[in-house]
Each structure stands twice: as structure tokens, then as C-alpha cells.
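K.L.:
There's a structure below that I have some questions on.
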Amino acid sequence: MYIPTPTNHDHLLHENLELNLKQLHEELGYSPDLISRHFQAALANGRIVQGATVYMDGLSSSSMMLQFLFAGNHENDPSTTSAELLDYYQERVIPEGSVHKLASFDELYDMLLTGNSILLLDGCNYALAVGTKELKARSVEEPNVQSVVRGPREGFTEVLGWNTAMIRRKINSRHLWFETLKLGSVTQTKVAIIYIDNLVSESVLELVRERLRKINIDGILESNYIEEQIQDKIYTPFPTIFNSERPDVVAAGLLEGRVAIMVDGTPFALLVPALFTQFFQSSEDYYERADFSTLIRLLRFFSFILATITPSFYIAITTFHQEMLPTTLLYNLAAQREGVPFPAFVEALIMEITFEILREASVRMPKTIGQSISIVGTLVVGQAAVEAGLVSAAMVIVVSITAISNFVLPAFNLGIAARIIRFLLMILAASFGLYGVFIGVIAIIFHLCSLTSFGVSYMAPLAPFNLTDQKDTLFRVPFPSMITRPKSLNPKRLVRQKKP
Amino acid sequence: MWLWVGIIGAWGWVCTVDVPPLVRQRKVKELMLISVIMIVMTAGSMTYIYMSRPPNPLVWLGIWISPYARALYSLMS
Amino acid sequence: MVNKDTLTVRTFSILVIFFTIGTSILITPAGLALEAKQDGWLAAILGVGLNGLTVLICIQLGKRHNDKTLIEMCHAAFGKWAGNVLGICFVLFFYLLAALMVGDLGYFLTTQNLPETPIEVLQIMFVVIIVFAVRAGLVVYSRAAQVFFPILICFFCLLILPILPKISINNFEPMLEYGFMPVVKAGFSFSGLQEMIVLLMLYPYVKKPASSNGGFMGGMLVGGIVLIVTSMGCIGVMGASVTSNQLFPAYVLAKNISIGHFLERIEGLMIFIWIMSIVMKIVITLDASVIGLGQLLKLKDTKPFIIPLGFGIVVLALLCYPNTIFIQDFLSKNWAPFASIFTLFLPMLLLVVLLLQKKKADDHPVTASIDKQNV
């Protein structure tokens, strides 16, 4: 007979049922969704024992517990004390998967508030927690931020148990291991660390465990709360942790030897370590042909460069280096800029800030109005601004190209980095021309090279250059040639498949 | 004028980023060395700003090297 | 403090390539064309050969004492006092070199590209980036060099390929019109601008396989080829007399690029090549002088000194280079012999002394064992 040893000796359960219930209701603030249902059970020696089952309405389903308590057949009950009765219930009666004994109030609150039902008997100083979770949560839908043309359309939901189950469905190996911990002193959010045991790099795993243990915050509401606290360096616009809403992306990352971190309450899972080239990859690259994916990936790199330096190049060339433009273009631009009262930098700044305002506004707009605002905003406002003589037409084109290239990037957090850097480069271009832009680019590259993501150099495999890893960075080789996993991540097993 | 920006920037940068950890660890030798270098450099920049023909280290070097340089080049022509 | 075996051979070769190209790609064709007229390219080849000799000396020094930097080798060769004096000379040479290169870049931008910007501003901006890079450490800027390298190749091809049709062979004739001596003189001046000895300060950090020489020679050859091609391009397109008149002939060469008659005058983009290579060279030189200072004064952590030293570079550059005439005069008359003291003669001296010391050390165990036998 297993008698649990409580860790916190101050708050042990009392033997008296009424005392327990009174303390329970009091400490939960007489919450109206705490339902307690009394019942009576008969012992073998004819005594009647008072009992109660307690659960939170909305988190657990009441029917299961009450069904066995009232409709079950208890004639073969050999117990003579309430403790024995509780053991009898645990071992022979309750038709439910997860049943725990608890002896302290802390454990009881833990179990009660995550959806378990608690069974208390008068005269017994421990209780049973039965897993009767029935959550009302969003069902599995297509992720709307990271959608693909071809490929699975499942996305994670807010329930950690369902998400880990989705990953188990993708990776049916016994080497897929989870570790859970509770973070957040008030929210007690469950966080799971997921990895494939015989592939993951031990150093990364140790770092993840260590950094998660160091988190000391009152609540974890989204994976970003964790991301900001475990990343390597705080003051950088570039993301060093990858997040995704799709189980296939997470599964692919796990197969390369990365560690996934999932947080209860948010569908976005974190993948570490994250490399710079990873933010240009989308799961669609692997679901379409290799040559097409290579071209699209090159297009993404190119559009990242476009999104970052196009306005600064325009400002630098029109202000300092007019000789670079072909003559006819130069005439057109000069004619356009004749009527504009502002220098190129102020023009660019106005248009860029207007565009950022429009973008933020369209995020919060209700869907029905959102469509019309986008057309109105960009075309009409842009056109009207040109005709009013506030900006030149070329500027509108430059800003639109920049904005559209920004959306080509599959990872939203890298797009944020591009937006921030763009303004820095614009200021440098307006002051020092192309020299300023180049100094800015060199400074950004130095900064990128100094970043690490959980011990792995951020710019790997570009620097330190690794020839075998190049098969999946700028271009994607067909699957028969993808023999090794990325060496930069240092997985335990390098070879993925046999050579064809 | 812009050199003043540079001087103030350099002093500010050194004092905010490098000096506090050294003060905390009481590394007197390094602090003395840093201040010596900064003072010499500030003095050098003052001479550049205020003197009309500031002293030129390359001219001093030229005085020492030019006989040897001329000899070496005359070997080759 | 960086561990040994941080850089791979490949990374080190890329650093060597950037270091060789450095400022030389911008200013050497002028000096070559001035001395050797149309044989400037022959002089460039000779200069690269002379650099090869320097690199061989460095490799020999590196092989024998492959965990010591240059300063430590001075200590080992000459003992504490003389070694310290020699070390101080080397550190001051590296520091002066870094300052002169910053000055070069400042004058390049002020005269060619941004004439109305005060030169201090350009130099300060530049030095801020360099100080950031040196503070970040060897690992970071070697990674950055690996990222810059493909960009450098791209831009260099963009520079050279469009001007190849414009080269006229007449500009190279007659060959050796004035004899071989001007070629030797020009080659010697050329090699004075490379200063490969600085890389010996970084050599201990390279992972050296037992057989090869650590990528030093290969990187130097590739950089040399780039320089030779640039010189040939300058002399071939513009002729020797025009080239010798320019302060920065490669920039004038870039003005000749015309792709399809619509992409012309893109020399503003080409300055990226020179900014990149000069940044890397100054970063390596400043890092070498900081490491040297740390080893001379027995400092454990050299990071706090980078900002004062970087600030000093700007001041020194402003003081040393008052105008472009002075630069031309000094570089053509005095620089190559001065640099050759430090890049050629002193390393040779070091190598000879270290070889003699090793021989003495090899002799002693033999005599010791003989003594034991006699007893």
C-alpha cells in the first residue's frame, strides 16, 4: 500500500473531511466554479463513510467520477477503514487512466487547478486525484500565419498535451523524449522540452535545461516570454530562436538534432539552436521540387537584401552619386524631384513611416474593412501624395518594393529585423552616401558574426564555412543527396541516409 | 569641430563601458595605462586642432630613414 | 584570450588574402607605373615574389615556434631587455601602420567620393567599426572575413570583367624598355606595402596540420594575383603615364566600367571592395598591436585598451598625413625601406638567431650524455 510522503509539511490534509473542504473553499476564495459533491460510501463492516469529490467546473468532466461513485458495483469492497477504501477505489474501481495519491494542499491545488477531480474521504489524510480533464479549447486548424500550398495543414493549438501528441504522430520513434517543467510562479505554466535522444547535441540540451531553470518570472503567457529570457544576447534585432506553429516544421527540426520547447497556452513552439539561414527556409521548400525550391530560396535572400537596402540605395544615389543612373532615368528622376520640396531622405522617411503606420493599422482592422483599407491606403494615398507634390513617384515605387519584399521572408521575426535595420541604413545613406551604406552593411555583418545561438555560431554554415552543410542553405539539393545532418548543429549521428 | 565629437565620444565610451569593471576589480595598472593613453591622445588631438603646423611623426621618421632609403634605392637604379 | 587552434587553415588563408589586398589594391599601380612605366605588371610579379620570400621566413619562424607570437619570439631570441625593445619597435610599427592606413582611406574618400565631408568624420566612423570588430575578437572577425570573401570575389569580377575588352596591348609595349633595374625598384616598393609580418601575430591561433604551411603562402599568392591583375588592368586600360599620375588608380579604373552602355560610372559601388579589404587589414593590424601590447606589458585582458588605441589611430592619422602631396612623397621615397626593416631584415635576424639558439640547444644534450658516460 503506497502512502505518499508530502514535501510541504505545513499544509497536510486533515483527517476530517469538513475541515479539508472548509480550507479548500477558503483558500480558493469561495470560487463559484469549485464544485464539491458529497456522497456516502459503505464499508465492509457496515460503517458509513462521508466523502466528497471536488472539481473545477469547466476544466474537468464531472460525469466520470460520479458515474463510478454512484452507478458502480461496490459489493466486493473488503475495506474496513476509509484509507483502505481509498486504496480500493484507486486499485479496483476508478476506470480512469491517471490516478494519484496526494497528501498536501499544494499538490491538491496543483492537481485540482489543472483539471483533475479530487476524491476526499472522511477519516483519511490523503486524497485521490483522478484525471478527468475536459478542456474547451480551439480545435486543430490550419495555421494562418505560416500556410503552405502543398503540405500538411495542421497547426498547433493551445493545449500542450494535444501538441505533444501531434509531434508523436509525426515521429513514431521511441527516441522522442519529453521533459516537462512548470515555469511562472503564479501561472504555473507547463513547459515541455522535446528532443530526439540519439540525435540531439548534448551541449545544447544542457544549455536549454540550465537557462530554463534560471527563469524567474511571475507568469508565462506566450513562448516569447521564455524566448527573451533564454536567448544568447538581448540587444540585437536579429532573432536567435526560431518559432513555428506547424508540427511538421518542429518535427523536421527535431530530426536535425535541435531541441523544441513548447509552452502550454500558445500554439507557437520554439526551436533551438536557430541559424541565420534557417529563417529563409520554409517547409514548402521540401514539399516542392528541388530546383524550384533553390530558385525560390535565392529569391528570398535577394528580397531580404532588397528589403533592407533599397531605400538607402535610392537616397544615396539620388543625393550623392547621381552619375550612376543611366541618363534617361536621370532626366526622369530629376524632373520628378523638381516639384518635391523635401530632400530625398525626408521623402523616404515620410513614406516609410506612413507605410509602417498603414501596416500596423491593417493588423488591427476588422477583416471586412481591412481589405479596402489596404487598397485605399497604398494606391490612393500614394497616388494622391505624388499628385500633391509631397513625394516623387519613384519614391512610392521604392517603398512598395521594399514593403513587398519584406513579406517574402517566411519568418516574421526576421522581417522585423529588416524593418529596423532599414531605418538605420537610411540615416547613414543620407549623411554619407554609399560609403555610409557600406559602413552600415559591414557593421551589420560584424554584428551578425558575433551572434551565437546556444553555442552554435549564428552564421553557420556560411561562417565558419562548412561545405557539406551548403546543400541546404542557399539551395536545396534533391533528397537522395541529403546524406548528412547539418554538421554545425553537432548532432550525435551525422549520417541521415545511405548514399544512393 | 568633429574631432571634438570624436574626443568626447571616445572618453564617454571608455568611461561607460571599460572603466567600471576595472574599478570594481581594482586593477590599478590597467586604469593607469588607459588614462595615460587617453591623455596622450587627447593632447595629440589638441595639437592637431590648435596648432597651425602640428608636429608630424612621419617627418621625424623621414629624418632618420631618408639616408638609408636613398642608399637602398640608389643600389637599385 | 583566445585558445590556440581557433582558426582553420581556410579561414586564415582568407584573412591573408584580405590582408594582402588591403590598401595595396588602391595605391600600388601608381607607384609601379611611375617607376617601371609600362613594365609595372612585371614589377608586380617581382614584388609578389619578394613577398613570397617574406612569407617563407614567417612560415619558418612559425614552424619552429608555433605557439609563440612574434613578440614572444623576440623574447625567446634576445632575452628580456633586448627582446622588449624589439617588441616595442614592432608594436609601434604595427600601430603606425594602422594609423597610416586609416589616413589612406580618409584621403581616398575625401578626394574622390565625398569631398565636402570633413576627413575626421570619415575616419572616426571607420575607426568605430574597427574598434567594434577588434573588441568582438578574433573569432568574430574571421567569421566576418568568410562572409565578405564571396562578396569580394563578386565585386572584383564585376570590376575586372567589363574592362577586359578595353585593354590595349600597346600600352604594355615595349617591354623592358628601360632595362630591368626600374622593375626591381618598383617591385621593391610594391612589396613594402604588403607587410606580411603582421600576420605572424595571428599565426599561433591557426590549426596547423603537420604537413602544410598553414595556408599562408596560398593566401598570399591569391592576393598577389588579384594585385597583379589590377595593375595590369590599370596599365592596360589607361596607360602607364595616366596611371602614374593618379593617387588612387584603381578608382579611376572603375570609372571605365561600362556594362551594356547603361550601367556606367558605378565606381561608387566598387568602393565596397576597397572599404572591405582596408577594414579587414586595419582590423588585423590593430588586433596585432593590441595583442603585442598585452604580451609586452604582461596584461591578461587587452579589451579595455582597444578604444583608447583606436582613438589614437585617428589622431595619429590626422597628424601624419597633412596633405596628399606629402603622402605621395613619403610613400614613394621612404616607406618601402622603412617597412622592409621590419618585414624582411628583422625577421631574418630573428630566424637566424633562433636557428643558432636551437643548434646550441641541440648540441648540449649530446655533451651532457658524454659527461655522464665519462663519470
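Coordinate-derived values only; no laboratory data. Just so it is clear, the model here is predicted, and its values are computed rather than measured. Here the Cβ is made from the backbone with ideal geometry for all residues, glycine too, and neighbour counts use every protein chain on show.
K.L.:
Averaged over peptide C:95-104, how many Cβ atoms belonging to another chain are found within 10 Å of each residue's Cβ? Could the numbers behind the result be given before it?
P.N.:
Working: counts 0, 3, 0, 0, 2, 1, 0, 0, 1, 0.
The mean count of partner-chain Cβ atoms within 10 Å per residue comes to 1.
K.L.:
How crowded by other chains is A:422-432, given as the mean number of beta carbons from other chains within 10 Å of each beta carbon? Mind dumping the intermediate values first?
P.N.:
Numbers: counts 0, 0, 0, 0, 0, 0, 1, 0, 0, 4, 7.
For this peptide, the per-residue mean of nearby foreign Cβ atoms is 1.
K.L.:
Kirkwood hydrodynamic radius, computed over distinct alpha-carbon pairs, for the protein assembly as shown: how many Å, to one decimal? Display every interim value, and only then the final one.
P.N.:
Numbers: mean 1/r = 0.0301 Å⁻¹.
The answer is 33.2 Å.
K.L.:
Label point 7 Å out from A:VAL346 along Cα-to-Cβ: which residues of the stretch A:306-332 have amide N under 16 Å?
P.N.:
What the label zone holds, given the 16 Å backbone N cut-off, is A:319.
K.L.:
Continuing with this model, one more query. Just rank A:CYS124, B:CYS15, fewest to most, by other beta-carbon atoms within 10 angstrom.
P.N.:
Neighbour counts put them in this order, fewest first: B:CYS15, A:CYS124.
K.L.:
Roughly how many debye, to the nearest 20, is the charge dipole of chain A about its Cα centre, given +1 on each Lys and Arg Cβ, -1 on each Asp and Glu Cβ, and no other charges? Intermediate values should be presented prior to the final figure.
P.N.:
On the way: 41 positive and 49 negative charges, 414 e Å.
Once rounded to the nearest 20, the dipole reads 1980 debye.
K.L.:
Continuing with this model, one more query. Hey, any idea what Rg/Rh is for the stretch B:2-76, computing Rh the Kirkwood way over Cα pairs? Each step should come with its number before you reach the end.
P.N.:
Working: Rg = 19.0 Å, Rh = 15.5 Å.
When Rh is taken as the Kirkwood radius, the ratio is 1.22.
K.L.:
Taking the Cα centre of chain A as the origin and placing charges on Cβ (Lys, Arg +1; Asp, Glu -1), which of A:VAL391, A:VAL477, A:ILE217 is farthest toward the positive end of the dipole?
P.N.:
The one lying farthest along the dipole's positive direction is A:VAL477.
K.L.:
Further, regarding this structure: With a sphere of radius 12 Å drawn around the Cβ of C:ASN171, what net charge do the other residues whose Cβ falls strictly inside it have (Lys, Arg +1; Asp, Glu -1)?
P.N.:
Overall, the nearby charge balance is 0.
K.L.:
Give me the distance in nm between label points sitting 7 Å out from Cα along the Cα-to-Cβ direction at C:LYS166 and A:GLN50, one decimal.
P.N.:
Calculated label separation equals 10.2 nm.
K.L.:
May I ask you to list the residues of the stretch A:80-119 whose amide nitrogen lies under 14 Å from a point 7 Å from Cα along the Cα→beta-carbon direction of A:GLN188?
P.N.:
A:102-118, by backbone N distance to the label point.
K.L.:
Calculate one ³J(HN,Hα) per residue across the stretch A:270-277 by plugging θ = phi - 60° into the Karplus curve 6.51 cos²θ - 1.76 cosθ + 1.60, and present them in order as whole Hz with x for glycine and proline.
P.N.:
9, 10, 10, x, 10, 10, 4, 5
K.L.:
Further question: From the phi of every residue in the stretch A:467-478, what ³J(HN,Hα) in whole Hz does the Karplus formula 6.51 cos²θ - 1.76 cosθ + 1.60 yield, where θ is phi - 60° and glycine or proline is x?
P.N.:
5, 5, 6, 5, 6, 9, 9, 6, 9, 10, 7, x
K.L.:
Report the semi-axes of the equivalent ellipsoid for the stretch A:160-274 in whole Å, largest first, where each axis is √(5λ) for an eigenvalue λ of the Cα gyration tensor.
P.N.:
Result for the stretch A:160-274: semi-axes of 21, 16, 13 Å.
K.L.:
Let me ask you something else. On a straight-distance basis, which aspartates and glutamates could pair with C:LYS303 in a cross-link, Cα separation under 16 angstrom, same-chain partners fewer than 8 positions away excluded?
P.N.:
Answer for C:LYS303, where 16 Å is the Cα cut-off: B:ASP18, B:GLU30, C:ASP287, listed by chain and number.
K.L.:
Where in the stretch A:403-492 are there trypsin sites (Lys or Arg not before Pro) that are in a DSSP coil and have at most 14 other Cβ atoms within 10 angstrom of their Cβ?
P.N.:
Sparse-neighbourhood loop trypsin sites (Lys or Arg not before Pro): A:LYS492.
K.L.:
Ratio to report: Rg/Rh of the stretch C:197-297, with Cα atoms as the point set and Rh obtained by the Kirkwood method; give two decimals. Spell out each step's value before the answer.
P.N.:
Values: Rg = 18.4 Å, Rh = 16.6 Å.
Ratio of gyration radius to Kirkwood radius for the stretch C:197-297: 1.11.
K.L.:
Further question: Counting chymotrypsin sites (Phe, Trp or Tyr not before Pro) as exposed when in a DSSP loop with at most 11 other beta carbons within 10 Å, what is the longest stretch of chain A free of them?
P.N.:
A:236-500
K.L.:
Checking the table A:LYS136/A:LYS492; A:LYS233/A:LYS492; C:LYS185/C:LYS298; C:LYS63/C:LYS281 against a 29 Å threshold on Cα-Cα, which pairs fail?
P.N.:
With Cα atoms farther than 29 Å apart: A:LYS136/A:LYS492; C:LYS185/C:LYS298.
K.L.:
About its Cα centre, how strong a charge dipole does the stretch A:160-274 have in debye, to the nearest 20, once Lys and Arg get +1 and Asp and Glu get -1 at the Cβ?
P.N.:
The calculated dipole for the stretch A:160-274 is roughly 280 debye.
K.L.:
Given labels modelled 7 Å from the Cα in the Cβ direction, how far is it in nm from A:GLN322 to B:TRP4?
P.N.:
Going by the 7 Å Cα→Cβ label model, 3.4 nm.
K.L.:
Of A:PHE276, B:MET51, C:PHE311, whose Cα points farthest to the positive end of the dipole of the protein assembly as shown (charges on the beta-carbon: +1 Lys, Arg; -1 Asp, Glu; origin at the Cα centre)?
P.N.:
Towards the positive end, the residue furthest out is B:MET51.
K.L.:
Between A:ARG359 and A:GLU387, what FRET efficiency follows from the Cβ-Cβ distance if R0 is 25 Å, with the result rounded to 0.05?
P.N.:
So the FRET efficiency works out to roughly 0.65.
K.L.:
What FRET efficiency comes out for A:LEU298 versus A:LEU113 if R0 is 60 angstrom and r is the Cβ-Cβ distance? Round to the nearest 0.05.
P.N.:
Taking R0 as 60 Å, the efficiency between A:LEU298 and A:LEU113 is 0.70.
K.L.:
Still on this structure, I have one more. Which value, in Å³ per residue, describes the convex hull spanned by the Cα atoms of chain A?
P.N.:
Cα-based convex hull of chain A, divided per residue, equals 198 Å³.
K.L.:
Could you tell me the convex hull volume per residue, in Å³, taken over the Cα atoms of chain C?
P.N.:
Dividing the Cα hull volume of chain C by its residue count gives 151 Å³.
K.L.:
Let me ask something else. When the label point is put 7 Å from the Cα of C:ILE88 along its Cα-to-beta-carbon vector, which residues of the stretch C:290-308 have a backbone N closer than 17 Å?
P.N.:
It comes to C:290, C:292-299, nothing else.
K.L.:
Among rounded, prolate and oblate, which fits the stretch A:222-276 when a ≥ b ≥ c are the square roots of the eigenvalues of its C-alpha gyration tensor, a/c under 1.5 means rounded, and a/b larger than b/c means prolate?
P.N.:
The shape class here is oblate.
K.L.:
Across the stretch C:89-106, in residue order, what do the Karplus-derived ³J(HN,Hα) couplings come to in whole Hz, using 6.51 cos²θ - 1.76 cosθ + 1.60 with θ = phi - 60° and x for Gly and Pro?
P.N.:
4, 5, 4, 5, 5, 4, 5, 4, 4, 4, 5, 5, 5, 4, x, 4, 5, x
K.L.:
Additional query: Taking the number of other C-beta atoms within 10 Å as the exposure measure, put A:HIS100, A:HIS447 in order starting with the fewest. Intermediate values should be presented prior to the final figure.
P.N.:
Numbers: A:HIS100 15, A:HIS447 21.
Ordered from fewest to most neighbouring Cβ atoms within 10 Å, A:HIS100, A:HIS447 come out as A:HIS100, A:HIS447.
K.L.:
To continue, here is another question. What is the angle, in °, between the Cα long axis of helix A:160-170 and the longest principal axis of the Cα atoms in chain A? Nearest 10 is fine, range 0 to 90.
P.N.:
Around 70 degrees separate the two axes.
K.L.:
As an exercise, find the ratio Rg/Rh for the stretch A:288-453 from alpha-carbon atoms, using the Kirkwood inverse-distance average for Rh.
P.N.:
Using only Cα positions, Rg/Rh for the stretch A:288-453 is 1.00.
K.L.:
Roughly what would the spin-label model give for C:LEU356 and C:THR111, points 7 Å off Cα along C-beta, in nm?
P.N.:
Taking the simple label geometry, C:LEU356 and C:THR111 are separated by 4.5 nm.
K.L.:
What aspartates and glutamates sit close enough to C:LYS166 to cross-link, taking a C-alpha to C-alpha distance under 20 Å and skipping anything fewer than 8 places away on the same chain?
P.N.:
C:ASP39, C:GLU264, C:GLU267
K.L.:
Another one. Return, for the Cα atoms of the stretch C:1-131, the radius of gyration and Dmax in Å, separated by a comma.
P.N.:
Gyration radius and largest Cα-Cα distance of the stretch C:1-131: 18.5, 52 Å.
K.L.:
Based solely on its DSSP helices, what 222 nm [θ] is calculated for the protein assembly as shown when runs of n ≥ 4 H residues each add -39,500 (n - 2.57) and the sum is averaged over all residues, nearest 500 deg cm²/dmol?
P.N.:
One gets -18500 deg cm²/dmol as the mean residue ellipticity at 222 nm.
K.L.:
If you don't mind, there's one more thing I want to ask. Compute the angle between helix C:40-64 and the longest alpha-carbon principal axis of chain C, please, reported from 0 to 90 degrees and rounded to the nearest 10.
P.N.:
Helix C:40-64 and the main axis of chain C meet at about 20 degrees.
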